[in-house]
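The values are calculated or read from the model by the stated rules, or taken from the named source; none is laboratory data. These numbers were taken from a predicted model, which means no experiment stands behind them. When we count neighbours, we look across all protein chains shown, and the Cβ atoms used for this are built from the backbone with ideal geometry, even at glycine.
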Amino acid sequence: MHSRPRRTRNATVALMLGGLAFGMVGLAFAAVPLYRLFCQVTGFGGTTQVAESPPAEAGQRLFKVRFNADVNRDLPWRFWPEQREVTLRVGEPGLVFYGAENLSARTVSGVATFNVTPLKAGQYFNKVQCFCFDEQKLAPGETARLGVSFFVDPAILEDRNLDEVTAITLSYTFFRSLGDPDGAPAEAAGAAREQAFAERRKAEID
């Protein structure tokens, strides 16, 4: 007499567990884009912001902006900043260039990841134009100048947690594009970026 209700309960539990598993898979796929959106909005992890143009007027406080360049071992490129640092007023537009050279005998595409340190300054570092917005492709032996225009948001002056900050470092790491035939897996690129983030975070704490 009780077999039918028991089967009904078992079926209900199975459906609930199946729905839970499906939901967890969906959350796993959504986690990466949601995390990226969170970083872009808050500047978490040193993620920079994107702006259409710099403010009309610059302030008086000076910031030293330093530039760093790294290349993933799977990308046969040389990559370097043309100048190591500049000093700008808050809100003043800056324009700098990086150089990139393809050291291989075939055309190779690359994409650049980026962040700034100290990490808490990320939400105030605004890029107007950047080579990192697009995939870069270099022919064998080709050299390119890659520009980035930026400014430090005057809103940084209202953040008491950044009163002691006088220098910001903008770092890029180039990876072989996933669309390239010999491109590194997405997991490898993501892991490398996470490791770089952890190292910079540890350096700040120390």
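Here are some notes:
- When 169, 173 are checked against the criterion of being assigned by TED's automatic domain parsing to the domain that holds residue 76 and either surrounded by fewer than 17 Cβ atoms within 10 Å (Cβ to Cβ) or touching a helix residue (DSSP H, G or I) at 6+ places or on another chain (Cβ under 8 Å) (or both), 173 stands alone in meeting it.
- Scoring residue 85 on the criteria (1) at pLDDT 95 or above; (2) under 17 Å from the mean Cα position of the chain (by Cα) leaves a single failure, condition (2).
- Total residues in the range 111-130 satisfying the condition of being among the hydroxyl-bearing types (Ser, Thr, Tyr) and under 10 Å from residue 156 (Cβ atoms): the figure is 1.
- Identity of the residue in the range 106-122, hydroxyl-bearing (Ser, Thr, Tyr) and within 14 Å of the chain's Cα centre (by Cα), that ends up surrounded by the most Cβ atoms within 10 Å (Cβ to Cβ): 117
- Breaking point among (1) in contact (Cβ under 8 Å) with a residue 24 or more places away in the chain; (2) assigned to a loop (DSSP other than H, G, I, E, B), for residue 73: (1)
- Contacts under 8 angstrom Cβ, first residue in the range 121-148 being touching a residue at least 24 places away in the same chain (Cβ under 8 Å) and of a type in the set (Lys, Arg), partner surrounded by fewer than 21 Cβ atoms within 10 Å (Cβ to Cβ) and part of a strand (DSSP E or B), 6 or more apart: 127/49; 127/50; 127/149; 137/109; 145/97; 145/99
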